[in-house]
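Contents: one structure, followed by commentary.
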Amino acid sequence: MLFRSGSAVHPDWVRDEPKFKKPAEDYVRLMGCTFKGHPPRCPVKVSVVNPEHPIMRGVEDFTERDEHYQIDVTAPYVTTLFETSSETGGQGIPGGFLFVRGKGRVVVITPGHTLSVWKNPNYQRILRNLMDYYLSGKEAT
């Protein structure tokens with residue numbers, strides 16, 4: 001289980017040499033998204049869009065000051081868990097999603113750059129649910 005890895009990669013941002021370009025492209029394929037940027041820290045609203053998914057059970061919408069990551073999802077067939085919105089970063093951006101990669105599951109969660117997010121009970125519930133789900137061995141849905 002890879003935890004709190006960065007998704008801030010875009011292959012167009014690395015030098016156009018195979019030793020740099022190929023690892024960046026491979027990483028984007030693994031993470032299932034490319035990073036576009038983020039505004040300065042601001043209030044970011046997390047909106048649950050898939051409340052029935054095991055990772056989101058018992059999680060309510062919340063707002064915390066954070067880096068509002070702007071990403072483009074590149075993986076096909078993702079299950080979106082929640083979206084993020086802010087005045088300066090945009091509305092309805094995928095902030096949590098999962099998909100199957102080979103024999104594994106990849107879960108991307110973009111909030112979590114400030115202590116206030118980590119202290120939020122809803123964020124903590126997402127992390128607990130995620131670990132329970134991941135360790136359960138059930139098929140990704």
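Would you tally the residues in region 86-103 being over 18 Å from S7 (Cβ atoms) and either of a type outside the set (D, E) or not in a loop (DSSP other than H, G, I, E, B) (or both)? It would help to see each step written out before you state the result.
Step one: filter region 86-103 for residues over 18 Å from S7 (Cβ atoms), giving 87-88, 91, 102-103.
Still in the running and either of a type outside the set (D, E) or not in a loop (DSSP other than H, G, I, E, B) (or both): 88, 91, 102-103.
Here the count works out to 4.
Does V48 satisfy being among the β-branched types (V, I, T) and either modelled with pLDDT of 95 or more or more than 20 Å from R128 (Cα to Cα) (or both)? Step through it out loud before you land on a result.
Working: among the β-branched types (V, I, T): yes; either modelled with pLDDT of 95 or more or more than 20 Å from R128 (Cα to Cα) (or both): yes.
Yes, satisfied.
Residue pairs, Cβ under 9 Å, 6 or more apart or interchain, first in region 52-79 and touching a residue at least 24 places away in the same chain (Cβ under 8 Å) and assigned to a helix (DSSP H, G or I), second acidic (D, E) and open to solvent by 40 Å² or more (accessible area, probe 1.4 Å). List them.
Note: pairs meeting the criteria are P54/D132; I55/D132.
From R57, R29, R65, grab the single residue that is farther than 17 Å from G112 by Cα, open to solvent by 70 Å² or more (accessible area, probe 1.4 Å) and modelled with pLDDT of 95 or more. Write out each step before concluding.
Details: R29 fails: modelled with pLDDT of 95 or more; R65 fails: farther than 17 Å from G112 by Cα.
The match here is R57.
Residue-wise test of (1) within 26 Å of G102 (Cα to Cα); (2) touching a Pro at 6+ places or on another chain (Cβ under 9 Å); (3) free of Cβ contacts under 8 Å to residues at least 60 places away in the same chain; (4) in a strand (DSSP E or B).
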site	(1), (2), (3), (4)
D26	yes, no, yes, no
P39	no, no, yes, no
K45	no, no, yes, yes
N50	yes, no, yes, no
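Residue check: is P54 touching a strand residue (DSSP E or B) at 6+ places or on another chain (Cβ under 6 Å) and of a type outside the set (V, I, T)? Give the derivation first.
On the way: touching a strand residue (DSSP E or B) at 6+ places or on another chain (Cβ under 6 Å): no; of a type outside the set (V, I, T): yes.
No, not satisfied.
Does G90 satisfy the condition of being surrounded by fewer than 20 Cβ atoms within 10 Å (Cβ to Cβ), closer than 18 Å to P43 by Cβ and without any contact (Cβ under 8 Å) to a residue 24 or more places away in the chain?
Numbers: surrounded by fewer than 20 Cβ atoms within 10 Å (Cβ to Cβ): yes; closer than 18 Å to P43 by Cβ: yes; without any contact (Cβ under 8 Å) to a residue 24 or more places away in the chain: yes.
Criteria met by G90.
Considering region 100-141 alone, what residues qualify as being more than 15 Å from I55 (Cα to Cα) and of a type in the set (S, T, N, Q)?
T114, S116, N120
Select from region 104-141 the residues that are assigned to a strand (DSSP E or B) and in contact (Cβ under 8 Å) with a residue 12 or more places away in the chain and write down the one among them that is surrounded by the fewest Cβ atoms within 10 Å (Cβ to Cβ). Spell out how you get there, then give the answer.
Restricting attention to region 104-141, the residues satisfying the condition of being assigned to a strand (DSSP E or B) are 104-109.
Narrowing the set further to residues that are in contact (Cβ under 8 Å) with a residue 12 or more places away in the chain leaves 105-109.
Details: R105: 18, V106: 20, V107: 20, V108: 21, I109: 22.
Among residues in region 104-141 that are assigned to a strand (DSSP E or B) and in contact (Cβ under 8 Å) with a residue 12 or more places away in the chain, the one surrounded by the fewest Cβ atoms within 10 Å (Cβ to Cβ) is R105.
The values are calculated or read from the model by the stated rules, or taken from the named source; none is laboratory data. Note that the structure is predicted; figures quoted are calculated from it, not measured. No Cβ is skipped: glycine too gets one built from the backbone with ideal geometry, and neighbour counts run over all protein chains shown. When the accessible area is computed, the model is the full protein with side chains, heavy atoms only, and any ligands, DNA or RNA have been set aside. Shrake-Rupley method; radii C 1.70, N 1.55, O 1.52, S 1.80 Å.
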